[in-house]
Structures are given as C-alpha cells and as structure tokens.
1. Sorted by average packing, counted as other Cβ atoms within 10 angstrom per residue and highest first, what order do 76-86, 27-37 take?
2. Just for the Cα atoms in region 1-88, what are the lengths along the principal axes, largest first, rounded to whole Å?
3. Report relative contact order for the chain in percent, whole number only (criteria: Cα-Cα under 8 Å, sequence separation at least 6).
4. For a protection proxy built on the mean count of beta-carbon atoms within 10 angstrom, sort 51-57, 95-101 highest first, please.
5. Using alpha carbon centroids, what distance separates region 1-29 and region 82-97, in Å?
Amino acid sequence: MSPVDPRPPVESEGEVVTVVGSSCTACGYVVAGVEPACPICGAQTTRAACGPGGSVWASTVVRIAVPDRQPPYGLAYVDLENGPRILAHTPGEAALPVGSSVLLGPLSAAGDLTVVPA
Ligand SMILES: [Zn+2]
C-alpha cells in the first residue's frame, strides 16, 4: 500500500490554477487540502478555492540530491491570497524575493505545486 500523498489537490480552469482548500464554517480558518473538520476549532468545513495569487513568505534553492528530484531546484513557502501557506517549486535557480507576488502554475511532472513570479 502506498502512503497517502500529503500534497493538496489543485484545480485548473484554463490557465488559472487554484489549490483545493477547506474553510471553517465557524471560525473562518482556511487550510489547504480537503479536511472535513477545522484543525483549529473542530467545526465543519466547506470547500474553498485558494489562490491563484500569493506572496512569497520564504524561498530557497535546494542543491543536494534527494530521491526523485534533480538539483538544483527552487522552493518557496507561499501565503495564498485567501489564507493557507503552501510549499511550491519555483522556476530557475535563484530564490524568489520574500514578499514578491507569485501565481500558481500547473503541477510539475512529479506532481508538485509550482509558482511563477506574477
Ligand atoms: Zn474553525
């Protein structure tokens, strides 16, 4: 049995990509991924579309070999415009500036979230 993929699902409409999230019906907290109960207060959630825009919270370039990924490659934690923080791959071999605007892109060949500068 393969392990559950922890990456949140995405939806695409044309070139607009959003992350499927869950929004709490009681406290309004939004989390990336499908969660039946709020991780903060335990109330029910409804489906939310997160993104497509966001702001870089942190970014780095990975230069060591890890399974199934070819270094060097960029990563960024991105605060999506309506709440959740996601980890995404970035283009090129330079870290993105903190606070810069990005847009979600299509999933990578390995199924990773991606962002590009907006
Ligand atoms: Zn809640």
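1. Numbers: 76-86: 19.5, 27-37: 14.7.
The packing order, highest mean first, is 76-86, 27-37.
2. Projected onto its principal axes, the Cα set of region 1-88 covers 43, 35, 27 Å.
3. Working: 285 pairs, mean separation 24.7, N = 118.
With pairs under 8 Å counted, the relative contact order is 21 percent.
4. On the way: 51-57: 20.3, 95-101: 14.4.
Going from most to least packed, we get 51-57, 95-101.
5. Distance between centres, Cα-based: 16 Å.
Every number in this text was worked out from the coordinates using simple rules, so none of it is lab data. Small disclaimer: the values here were computed from a predicted structure and weren't measured. Every residue, glycine as well, gets a Cβ built from its backbone with ideal geometry; the counts of neighbours run over all protein chains shown.
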